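See below for the structure under consideration.
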Amino acid sequence: MPEQASASENGVPGKRLHLVPDEVIEARRMDAVRRYDILDTPPDGAFDRVAALAARLFDVPVATVTIVDEDRIWFKAAYGLDGVSEIGRDPGLCGSAVLRDDALVIPDTLLDEVARGNPLVTGPLGVRFYAAAPITTTDGHKLGTVNVLDTRPRSITSEETATLTDLAAIVMDEMELRLSALRTVREEQRAAEAERAAREQAEKDKAAIASFASTLQRTLLPPTLPTVPGLELACHYHTASVHDVGGDFYDVFPLPEGKWAFFLGDVCGKGAEAATITSLARHTLRAAAQHTDDPVAVLEALNGALLADVWAGSRFCTAFFATLTPDAAGGFTVELATGGHPPAYRLSPAPSAAGGPGMRVEAVRPEGGMLIGAFPDARFASTTLHLGPGQALLLYTDGLTEAHTSADTMLGEDGLTAFLTARPAPCDAAQLVEDTVDLLEALPQGASDDIALLALSVPTPDEAAAATGAGSTAHTTAAPAGEEH
């Protein structure tokens, strides 16, 4: 039976014990209140209807749905109580009802020692009758109450008390539905936020990878080409993807006794492993060239280094390595060795068939050069040529000849030879590289692989004098990925 204020407790008529919240239980109750996230939410039609229904069923002027906070009673719905959204958590009414397991019914508040001091009783509203059923969670926590209030004393039957308890249960069901909907919305929001964060992180990672790849690629290439007296140099590096580090490499550096060395190569594959082999190849070629002036021996040293390095795995590369020896009469003697690399091309001015200026293009292809790093007994081939005034030498990686001129046709060596032969420009290293880059950009399918270009040319005396008079540098470098060295 619900407690009636007129009943006797401890043998004292009209006496009701003032219950004090247990600190542990109250802390857990407040956790439950916060879990439902109901405090200070806007009006809700479902709760408003419960309050209106309670007022009609009990024929009272005031009915409320309350949530009991730490220090206040907050009205989620209030029928007949305009302009009031909360009151203090004073004992006697709602504050006492949430401490009980059953309904609280006070027929006459003025006869109840606890209730008669409550502001709702002593204030303008003058509550004389109060009945409340706790809104109880499935795990037993009382979040608040469904209340009916009247300004005159009265009593209710057990059936009516049960009806009030049912209304409180309906409120609890509505709060569970609301919580379930909130959780669904929050999960969707979290999922959307996680997706957005993942996209942002992916973009950041993509940018970081591109930046790392670009930075790493730069460390694998010389920051600038040196000045070689009597020689013009130019280079270019085309990156097929900003996210992958390519394995193409080149370098030009001095040797003892006034000689110079240059190399250009291509490691199979891309990524970190290719970068590792590229770095190993560059440093091995430079170091080996300090101990021997035989280009074949230098490639043999690189072959041994790749086979001995556990990080190289099954990686191999192709490469040209050459030495440059200045000739007293002008130009350079070039001793060039190859390890499985596509041919280089020597360009020389020559009369055309029509009698005008033309270009003679010769493929420089030492016979017998094998892949580097693939076989312990690999053999490499070399040839010697002269690069005189007005002549140029072009080295490239196979991304150039494998660039597509159409969906099913590559440029190939024949296409490259035809292009070089048809060039009207002089044999100038910078112009040669610039024209080759223009060729790539004009191809409808473009290049799908990294491409390294290295060109060397010997100016004629008139060209050298004109360059000196104009204050030009002795070399030109085209930048990797379109940026200046």
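The values are calculated or read from the model by the stated rules, or taken from the named source; none is laboratory data. Predicted, not measured: the structure shown is a model, and the values here were computed from it. Using ideal geometry, Cβ is built from the backbone for each residue, glycine included, and neighbour counts are taken over all protein chains shown.
Limited to the stretch 371-381, what total is found for residues that are buried (at least 19 other Cβ atoms within 10 Å of the Cβ) and part of a strand (DSSP E or B)?
Qualifying residue count, the stretch 371-381: 1.
Contact list please: Cβ distance under 7 Å, first residue in the stretch 19-43 and under 17 Å from D101 (Cα atoms), second residue surrounded by 11 or more Cβ atoms within 10 Å (Cβ to Cβ) and among the hydroxyl-bearing types (S, T, Y), pairs at least six apart or on different chains.
Within 7 Å, the pairs are L19/S96; A32/T137.
Would you check if there is a residue in the stretch 170-182 being under 60 Å from the mean Cα position of the chain (by Cα), modelled with pLDDT under 90 and not polar (S, T, N, Q)?
Yes, that holds for at least one residue.
Quick one: how many residues across the stretch 338-366 are out of contact with any Lys or Arg (no Cβ under 7 Å at 6 or more places or on another chain), part of a loop (DSSP other than H, G, I, E, B) and either within 15 Å of L299 (Cβ to Cβ) or at pLDDT 90 or above (or both)?
5
Working carefully through the options L395, L456, L439, find the one that is in contact with a helix residue (DSSP H, G or I) (Cβ under 8 Å, 6 or more places away or on another chain), closer than 20 Å to A344 by Cα, of a type in the set (A, V, I, L, M) and assigned to a strand (DSSP E or B).
The conditions single out L456.
Looking at I135 and the list (1) in a strand (DSSP E or B); (2) surrounded by fewer than 23 Cβ atoms within 10 Å (Cβ to Cβ), which single condition is not satisfied?
Failed condition: (2).
Filter the stretch 97-132 down to the residues that are β-branched (V, I, T) and at pLDDT 90 or above and list them by number.
V105, I106, T109, V121, T122, V127
Output the residues belonging to the stretch 336-357 that are in contact (Cβ under 8 Å) with a residue 24 or more places away in the chain and more than 24 Å from R315 (Cβ to Cβ).
Correct list: Y345, R346, L347, S348, P349, P357.
Condition test on R100, is it assigned to a helix (DSSP H, G or I), among the charged types (D, E, K, R), under 21 Å from K142 (Cβ atoms) and touching a residue at least 60 places away in the same chain (Cβ under 8 Å)?
So R100 does not fit the description; no.
Which one of these does R89 not meet: (1) touching a residue at least 24 places away in the same chain (Cβ under 8 Å); (2) in contact with a Gly (Cβ under 6 Å, 6 or more places away or on another chain)?
Of everything listed in (1) touching a residue at least 24 places away in the same chain (Cβ under 8 Å); (2) in contact with a Gly (Cβ under 6 Å, 6 or more places away or on another chain), R89 misses just condition (1).
Restricting attention to the stretch 296-332, and to residues there that are farther than 23 Å from P256 by Cα and part of a loop (DSSP other than H, G, I, E, B), which single residue is modelled with the lowest pLDDT?
Per the stated criteria, the residue is A312.
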